[in-house]
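Undergrad: If you scroll down you'll find the structure; I have some questions about it.
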Amino acid sequence: MFWKKGFKKSLCFVLSSIMTLSVVSTANISVSAADASDKVFKPLPYEYKMTSSKQGTIERLSYNFGNDTKYFNVYLPNGYNQSDTSKKYNVVYLMHGGGEDENLLFGGPGQNKELKVIIDNMIAKGDIEPVIVVTPSFYKGNNDVAGFPQELSTTLIPLVETKYNTYLKSKSTADMKSSRDHRAFGGFSMGSVCTWYTYINCLDYIKYFMPYSGDCWALGSTAGSSKPTETAQYLADVAKKAGYKAPHDFKLFCATGSDDIAYPNMKPQIDAMKKLTDTFVYSSDIKNGNFYFMVANGGTHAWTWINQYIYNVLPDLFKDIAPVQTLGDLNNDGSVDSTDYALLKMHMLNITPLTGDALKNADVDRNGQVDSIDFALLKKYLLGSISAFPV
Ligand code: FER
């Protein structure tokens, strides 16, 4: 018996040593094991910190809100030409953290701080299309991260985007909605808290969100860690109630560092969101997913890291434009009309059977068969008694 006990003891020792070693080595690599679907952090290459020969410019503007005049900066990319209205630009809004201001990110006119240089270089090297970047502040006006989205949608977006050459045609709500594919909002720390509030309040106007190093406070401060499940469900319900679906209608590109003080607040919320797979499809593949959480190993709660997250995420913006409707478009001419109806009739009568994409697009109820039900549905669609096919 004794040798058995001794054997067991030493076996336990060997096993626990292996386990301890593997835990230590995992901890050295990252906070939690990387998943194949994780967005992998790429450190900023040194050359992106060198002043570009093709620089953008910064303009300082203001709007009145309540009794306050609120200043913000607008980055216009190199080559921006106000009189060329045929060229339109996407717009990214970036929010500072607690105790900071609108000049913190890339400075005011004539300044060339790190983030400005990074964006200049990314555009010059062709990593991203030329883009307009706006840095507002949540101080003054509503003076609150929860109140800022209201200023954003009623005042800032309409002002900026009708002044410059963007996809916003007018200040109307309808035009704000129809241009949402061309708008992104992100922020750091309290600016990240503000980003979650912006998702909650402005999903109709904005498709892309970048919360960096800060959790969602809709259910109380740091509720991302104290109420992760409820927070995740709340965020899912926002999209569901408004009718926005994964993976094409909205994108949440989240990030922080393994050594960031906000990591323990963000991580439980993100893990809870990952479970709600009908709303949040976790993937670094931006076409098939709508949500990722990039964790930089060693990253701390500081702008030198946030600037690198922006470097990593900007190329993922404005890429996933919703696929065009092809159902019912049998001849692939971009519209569903009487020609398609005639083609389907010829198929039903076995005069000219459909094949390939035409046959696929004729299956308007997507049940795998082209039959009289599809024919009836197409007729109803053309008569206007249904506005979409029931798929
Ligand atoms: C967080 C969200 C916001 C967080 C910190 C903040 C540490 C902001 C703090 C501040 O600006 O005072 O998850 O984690």
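Undergrad: Placing +1 on the Cβ of each Lys and Arg and -1 on the Cβ of each Asp and Glu in the chain, which of TYR282, VAL117, ASN350 has its Cα farthest towards the positive end of the resulting dipole?
TA: It is TYR282.
Undergrad: Let me ask something additional. D for segment 324-391, whole µm²/s, Stokes-Einstein with Kirkwood Rh over alpha-carbon pairs at 25 °C and 0.890 mPa s: what number? Please list the in-between numbers first.
TA: Working: Rh = 11.6 Å.
Once the numbers are plugged in, D ends up at 212 µm²/s.
Undergrad: I want the local charge near THR166. Using Cβ-Cβ distances under 15 Å, sum +1 for each Lys or Arg and -1 for each Asp or Glu among the other residues.
TA: +3
Undergrad: Among 51-60, 347-356, 281-290, how do they line up by average Cβ neighbours within 10 Å per residue, starting with the highest? If you can, show how the numbers build up before the last one.
TA: Working: 51-60: 15.5, 347-356: 11.8, 281-290: 18.2.
Highest mean packing first, the order is 281-290, 51-60, 347-356.
Undergrad: If you don't mind, there's one more thing I want to ask. Per residue of segment 373-387, what does 6.51 cos²θ - 1.76 cosθ + 1.60 with θ = phi - 60° give for ³J(HN,Hα)? Whole Hz please, x for Gly and Pro, Karplus curve as stated.
TA: With the stated coefficients, segment 373-387 comes to 5, 4, 4, 5, 5, 5, 4, 4, 4, 5, 7, x, 7, 10, 9 Hz.
Undergrad: When the chain is fully extended, how far beyond the present Cα-Cα distance does THR326 get from LYS379, taking 0.36 nm per residue of separation? It would help to have the intermediate numbers written out before the result.
TA: Details: separation 53, 0.36 × 53 = 19.08 nm, distance 1.60 nm.
Residue separation times 0.36 nm, minus the Cα-Cα distance, leaves 17.5 nm.
Undergrad: On to the next question. How large is the helix-only mean residue ellipticity at 222 nm for the chain, computed as the sum of -39500 (n - 2.57) over DSSP H runs with n ≥ 4, divided by its residue count, in deg cm²/dmol to the nearest 500? Could you put the intermediate results ahead of the total?
TA: Working: 13 runs with 142 residues, N = 391.
The helix contribution divided over the chain gives -11000 deg cm²/dmol.
Undergrad: Can you tell which of PHE41, TRP196, TYR93 lies farthest toward the positive end of the dipole of the chain, using +1 and -1 charges on the Cβ of basic and acidic side chains (Lys, Arg; Asp, Glu)?
TA: My answer, from the dipole projection, is PHE41.
Undergrad: For a distance above 19 Å, tell me the whole-number percent of Cα pairs in segment 268-391 that qualify. Don't skip to the end; give the middle numbers.
TA: Working: 4758 of 7626 pairs.
Summing the P(r) of segment 268-391 above 19 Å gives 62 percent of all pairs.
Undergrad: Let me check the size of the chain from its C-alpha atoms; what are the radius of gyration and Dmax in Å?
TA: So, for the chain, Rg and Dmax equal 25.6, 92 Å respectively.
Undergrad: Ratio of Rg to Rh for segment 272-334, alpha carbon only, Kirkwood?
TA: On the way: Rg = 17.2 Å, Rh = 14.8 Å.
Computed over Cα atoms, the ratio is 1.16.
Undergrad: Quick check: the distance between the Cα centres of segment 228-259 and segment 73-93, to the nearest angstrom?
TA: About 29 Å separates the Cα centre of segment 228-259 from the one of segment 73-93.
Undergrad: Let me ask another. When Rg is the radius of gyration of the Cα atoms in segment 171-232 and Rh is its Kirkwood radius, what does Rg/Rh come to? Provide the component values of the computation, followed by the final result.
TA: Numbers: Rg = 12.8 Å, Rh = 12.1 Å.
With Rg and the Kirkwood Rh in hand, the quotient comes to 1.05.
Undergrad: Pop the C-beta distance of ALA302 and TYR167 into the FRET formula with R0 = 25 Å and round what comes out to the nearest 0.05.
TA: Numbers: r = 34 Å, r/R0 = 1.34.
Calculated transfer efficiency: 0.15.
Undergrad: Continuing with the same structure: Heavy atoms only, 1.4 Å probe, whole protein assembly: order TYR234, TYR244, TYR212 by accessible area, highest first.
TA: Details: TYR234 90, TYR244 40, TYR212 0 Å².
So the residues, ranked largest to smallest area, are TYR234, TYR244, TYR212.
Undergrad: Same structure again: Looking only at the chain, where both bridge partners belong to it, what percent of the DSSP beta bridges are antiparallel (to the nearest 5)? Walk me through the numbers before you get to the answer.
TA: Numbers: 12 of 37 bridges.
Close to 30 percent.
Undergrad: Ordered by packing density, taken as the mean number of other Cβ atoms within 10 Å over each peptide's residues, highest first, how do 64-71, 299-306 rank? Each step should come with its number before you reach the end.
TA: On the way: 64-71: 13.8, 299-306: 19.9.
Highest mean packing first, the order is 299-306, 64-71.
Undergrad: Next question. Compute the signed sum of charges (Lys and Arg +1, Asp and Glu -1) over the other residues within less than 11 Å, Cβ to Cβ, of VAL364.
TA: Values: positive: LYS360, ARG366, LYS379, LYS380; negative: ASP329, ASP340, ASP363, ASP365, ASP371, ASP374.
Computed value for this residue: -2.
Undergrad: Something else now. Find out how many positive minus negative residues lie around TRP305, taking Lys and Arg as positive, Asp and Glu as negative, among other residues whose Cβ is under 13 Å from that of TRP305. Could the numbers behind the result be given before it?
TA: Values: positive: LYS42; negative: GLU114, ASP259, ASP260.
Net charge around TRP305: -2.
Undergrad: A further question on this structure: Taking the Cα atoms of segment 110-191, report the difference between the largest and smallest coordinate on each principal axis, in whole Å and largest first.
TA: Sorted from largest, the Cα extents of segment 110-191 read 35, 29, 22 Å.
The values are calculated or read from the model by the stated rules, or taken from the named source; none is laboratory data. From a predicted model like this one, the values you see are computed outputs, not experimental measurements. Methodologically, a virtual Cβ is constructed for each residue, glycine included, from the backbone with ideal geometry; neighbour enumeration extends over all protein chains shown. Accessible surface areas use protein heavy atoms only, side chains included; no ligands, DNA or RNA. Shrake-Rupley method; radii C 1.70, N 1.55, O 1.52, S 1.80 Å.
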